[in-house]
Amino acid sequence: MTAGTSSGAAVVTLPTDTQILITREFDAPKHLVYRAWTTPELIKRWWGAERGDVTAVEVDLRVGGRWRYVTVTHDGFEFAFSGEYREIVPDERLVSTEVYEEMPEHEALNTLTLTEHDGRTTLTVLVEHDSKESRDGHLNSGMEAGMQDALSLLERVAVSLR
């Protein structure tokens, strides 16, 4: 792959009955991917996956701090995700809870890991649910198409920070 080209699609695997593992390579160093992942103005540029407008982004980036993202789709449907930061290692690891606010009983634990080799970053997100049913509901929600688009936009945002 030549410099400046997209890294392609994320790979989604199911390590256990309660986990989703997302892996994607980015053509950007990990500190820029992390910055794009954690900076409110930058999150607004990729989180909505071109399916609507991200109308609110709150990030209290500290252990015990909360995050919340609100999107309004092009057809007017509003939805929000939120959670709490559990572990933060800048540019390397971010552990937080995540809940789709319409289904608060299905909280997941997300572990983001960034590793860099030759200026390219591999992002992994391990999503851990409390049950197979919750994990399968997440998978069947249509999340993968939106996630693929959002991660492509995340790469563009990270590259633009060079």
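A Cβ distance below 6 Å, combined with a sequence gap of six or more or placement on separate chains, defines the contacts here; from the range 17-42, residues that are under 14 Å from Val89 (Cα atoms) reach residues that are hydroxyl-bearing (Ser, Thr, Tyr) and crowded, with 17+ Cβ neighbours inside 10 Å in the pairs Lys30/Thr121; Val33/Thr121.
Annotation note: of Trp37, Trp67, the sole residue that is at pLDDT 95 or above and in contact with a Gly (Cβ under 7 Å, 6 or more places away or on another chain) is Trp67.
Per the conditions (1) out of contact with any His (no Cβ under 7 Å at 6 or more places or on another chain); (2) at pLDDT 95 or above, the sole criterion not satisfied by Met143 is (2). Taking the listed residues Val95, Val127, the one that is in a strand (DSSP E or B), at pLDDT 95 or above and farther than 16 Å from Val63 by Cβ is Val127, with no other qualifying. Of Thr71, Thr55, all but one fail to be surrounded by 14 or more Cβ atoms within 10 Å (Cβ to Cβ) and either in contact (Cβ under 8 Å) with a residue 12 or more places away in the chain or assigned to a helix (DSSP H, G or I) (or both); the exception is Thr71.
The values are calculated or read from the model by the stated rules, or taken from the named source; none is laboratory data. In this text, all values refer to a predicted model and were calculated from it rather than measured experimentally. For neighbour counting, all protein chains shown are included, and Cβ atoms are generated from backbone atoms with ideal geometry for every residue, glycine included.
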